[in-house]
Each structure stands twice: as C-alpha cells, then as structure tokens.
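Some notes on the structure that comes next.
What follows draws every value from the coordinates through simple rules; no lab data is involved. Since the model is a prediction, treat every value here as computed from it, not as a measurement. So basically every Cβ, Gly included, is an ideal-geometry build from the backbone, and we count neighbours across all protein chains shown.
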Amino acid sequence: MLDIPNFSDIKRFNQIINCAGKYGLVHYLEHMHLKKPTAITTRKETDPVLLRKMLEELGGTFVKLGQLLSLRPDLIPKEYCAELSKLQDKVKPFAKKQAQEIIQKELGPAGKVVELEELVASASIGQVYVAHIKGKKVAVKVQRPGIKKDMEADMEILYFLAKRMKSRMQSSIVDPVGIFNEFKLYTDKELDYVNEAKNIEQFYANHIHTPIIVPHVLWPFTTSKVLTMQYIEGKKLSEVGRLTVRHKKEIAQVIASMMFKQIFIDGLFHADPHPGNILLESRGKIALLDYGIVGQIDEDLRNSLIGIFTSVITKDTRSVTKYFVRMNMGQTPINTRLFHKDVAKYFMKYYDTPLKYYNLSDIFNESVKLAKTHDMSLPSDYMLLIKAVITTESVCAQLDPSFNFVETAKPFAKKLLKKRRSILYFGKDVVDKGFKIKNFVEDLPDKFDSFMYEIQIGDSHLENLSQDLERLKNEIDFNTSRLIMGIVISALVIGAALTIQAGKLVGGISVVSLSMLLVALLLTLDLVFHSVHKKIKG
C-alpha cells in the first residue's frame, strides 16, 4: 500500500515521481513504498549518471542538493560524488523587464537610478547583470521571481523523502534528515542576499592588504533579493587565453597563498574556488566571485587542522590519530588503537619521501575514507574545506604542473604555530581552561541537588551530603582560582625574563619586562591577601 501525504504542491511531487521513473530509478521509490514494484528494465547508463540527469531535469532545488552531495564523499560513494560534481546550475534567464521590476519593488525610489544592461550569468536562484548607477558601472544580482516559494515546496517534499528514507535504513552512519537539515541551512543562506553581502564584506576586510581583489558592497542598493556590488573588469580564469609560463606560476602562487591564508589565518574560506569563480583582473590581479556559500573554521577545528598538517609533515602518526579523533562529531566511540593502525598503514608510503611528493588531495581523501571506515562523523565545514583545497590544488596544477602545494602551506602553518606558542596565547588558553573548570565546579551543586531530590524519599540519610558538597565546591572553587592566578603570574614572570632587553630600556631592563613584573607583583599581593583573609575567616 502506498502512503503519500497531501503536499501543498502535489503536482510537483508527481513530477518528481515520474521523473525518477523516466530515468529508471524507480527501485529507490519502491524501497520507500512510494511506487508499486515494477518489472526490471535494462538500462544503458549507471545509477550515478541517471541520478545526475534526473536532478538536472528537476532543476533548482534538486541541482543545488546534488551539488552539495558532491562535496560529501563521507556520505555517498565517490562515483556519485564525481558524477554529481558535473551538475550545471544553468537555466533559461527571465526577462530583463521582470528583473527591473524586482529592483524597483525591493529598492523603492533608489531603484530608479539602477540601469540594467548586459546579462552576464543566469542560475536557478538568480541572475547577474552589468548595470550603471549614476554613470558608475556595477554588478547587480537579482533573485529569480517566485524561486523562494518553489524551493519551499521542494523542501517540503525533500523533508518527507528524507524521513521516509531514514525509517527504512538499517545503517546509522548516514542520516538523511541530517543531510536535509544541512542542505536547508545552506539554501536559506543562499536565498538571502544580505547574508552573501555580509560574506563579501568580511572577505573584503580580510584581503585589504593582499593581491586578492574582493568587490565592495553597495548597501543602499542591496536587499535580501537584490545584491549590488563593485564591478570588476577582467576575464574568468576559465576563459583566459594563452598566458606565459611565468605568469601562470605567479597566478598559481597567489591562488594557493590566498586559500591557505583563508584557512590558517582568517578562519573563513571560499567554498568553491573553481576557474569560473576566479577573475583575472585587467591590471593582472586576481579577483574572487560568488560568495553564496563559504566555509568557517572555528578555533578548535583550526587547531586540529594545524595539528594534522604538522603531524603529517613530521610523520607523527599518533598525533595525526589524536587530532582526527578530536574532530569526530558522532556518538559512536572510536577504537583509537585500530584507527591509529590504519593511519600508520596509510602514511607508511610517505616515510623517507621528500615533501614535494606529498599529495594533499590524496591525504584529505584518505582522511574521509578512514572516517567512513571507523564510523566517524566529520564537521560539515571540514568537508567543504576538503572540496576547496582539492579544487585549489587542481587549479594550481593546471597552471603550473610543478607547483608544490604543501610547500606553499608551510609558512602559514608555521605562523599559526608561532602564535599558538606565544605567551599571550598560552595565557588565554590557561584562562579559558580555568573558566571551564570553574563553571563545571559551580554547576555541581545544582546538578547534585536535582539528583538528591530524586532519591531523598528512598534515603533520608543523604540530606547532609548536599551541604558537604557545597563546602567542597567552595573549597575547589577557591583553589582553582588560586591555581589559575599562579599560572598567570608564572607566565608573566617568564614573559618578563624573555623580554628583559627588548625595546626601550629603563635601568637596563625593558619597559615591557618591568610592566609584566609589576602586574605579577600586584597579582601576587592580591593572592596572598585573599589566602590570609580566607584562613582568618575560616
């Protein structure tokens, strides 16, 4: 019996079902009880090819879904990833008159000065025009009319399919509903051009003093459906004609350095730096296009990445294992002994191998393979990062076959390592950990009180334990504060010793060093005072 709910757009649901039948993929629908079993038909093409063709025909939301899945080799087989990466988000453009009407409605009176000219790109969510505002050349991105409503209808159907698929899956490694939620998050962001404008602004700030050009946003002419930015003259790298060998090498170096700066220094990276999104500006500089989807790297992930990178170079497989396990977001416990065995087995091929022969793409792909084998769940931004790095490495290799990607990454990794070993970073790390300990201790009485409430009916003798724990909490809290203070004082004294002759000197001792010693002395006096006060009071 078929169980199909009432969708707000049942016509679209039937279109999806019929399209799956057209491309011979009904066995998926039969598995989810969405279609009655049919006779097996002979097919000339593989499932990945047929799936790609089906998604292309359905367009819009489904093309976007396929593109996202192509970035997730940890979720789907690599042959599907390879095929879905060929998806092209190209659709028939809507009329310029419609675009002008949308601009007028979104911008109000300000929209009257926007004069659209040449259409330069058309995709499922929007299209881009060259335009003029009071004689100034700009680029204007206009959202396709009705696209939000269409995508919401598709999302309703996709959510139903994800839930149905999950209920019929035996494996817990892949979560269709989780994939849907991740996809919806990306799509919601892409449908809001203000979000993309904010991304552009952040990239602009990060690249002010670099050879990379990022367009600035014209906020008075930007809304959730209209994005107006600086127009950059140039040609896409995919459309550039012949270049000298020297110029190609220079471009490859700039692109690779850009990516590693974004990863190791900024913590914000362009998720898809393919040749169509890289512009060779008229003065020879490099410009980045399309900031709809970007990846973010928080401090924990960045520390794991730098740890993995340096451990791979030093061939420290135990540390590689440790940092990978830290990235695991799954609930299943990892057998670290077996995982390390597989890590060591893979990296054996790099023993006694010069750095220039390291293949970063292979290392990243192997990390995904290992994670999949050991039921690990990796952060989605890590998967975006893999795609970005592999794409960048491919672009650089096409420009300069002898280009060494790992060597380019070393200065950025060393800079981050140096920062992590600084006294300021050490002090910050100590304070952060101290606060975590303090918060944990402060939460203990509340948690224990809840526990006590549950069991006090069965055992009244435990009543006094809460008071004892409160006293214990106060004692631990005080000792933790003293420990943190002591570590900070030690760090200041060490810093003073290291900078004793650095900068301006007073009596043979630097001002920086004297300042550190003075702060350390004041903290020591405060520590002694509170210790004596507590002893007298207690």
For segment 234-420: relative contact order, % (alpha-carbon pairs under 8 angstrom, 6 or more apart): 31 percent
Describe numerically, in nm with one decimal, the distance between label points set 7 Å from Cα along Cα→Cβ at Val240 and at Thr210. 1.7 nm
May I ask for the net charge around Thr244, where only other residues with Cβ less than 13 Å from the Cβ of Thr244 are counted and Lys, Arg are +1 while Asp, Glu are -1? +2
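Ile76 to Glu118: extension gain in nm, 0.36 nm per residue of separation minus the Cα-Cα distance?
Additional length available on full extension: 11.2 nm.
How long is the gain from Lys86 to Thr373 if the chain were fully straight, where each residue apart is worth 0.36 nm and the alpha carbon distance is subtracted? Please list the in-between numbers first.
Values: separation 287, 0.36 × 287 = 103.32 nm, distance 2.64 nm.
Difference between extended and current length: 100.7 nm.
Which entries of Lys149/Lys369; Lys248/Lys369; Lys64/Lys225; Lys22/Lys225; Lys112/Lys184; Lys64/Lys369 have Cα-Cα distances beyond 30 Å here?
Details: Lys149/Lys369 38 Å; Lys248/Lys369 33 Å; Lys64/Lys225 18 Å; Lys22/Lys225 35 Å; Lys112/Lys184 34 Å; Lys64/Lys369 24 Å.
Checking Cα-Cα distances, Lys149/Lys369; Lys248/Lys369; Lys22/Lys225; Lys112/Lys184 exceed 30 Å.
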Neighbourhood charge, 12 Å Cβ-Cβ cut-off, centred on Met327 and excluding it, Lys, Arg +1 and Asp, Glu -1: -1
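Taking the Cβ of Ala388 as the center, what net charge do the other residues with Cβ under 14 Å away carry, scoring Lys and Arg +1 and Asp and Glu -1?
Values: positive: Arg72, Lys261, Lys387; negative: Asp266, Asp272, Asp290, Asp381, Glu393.
Once positives and negatives cancel, what remains is -2.
Pairs of Cα atoms under 8 Å, at least six residues apart: use those to get the relative contact order of segment 90-231, whole percent. Present the calculation step by step, with values, prior to reporting the outcome.
On the way: 186 pairs, mean separation 32.1, N = 142.
About 23 percent, as a whole number.
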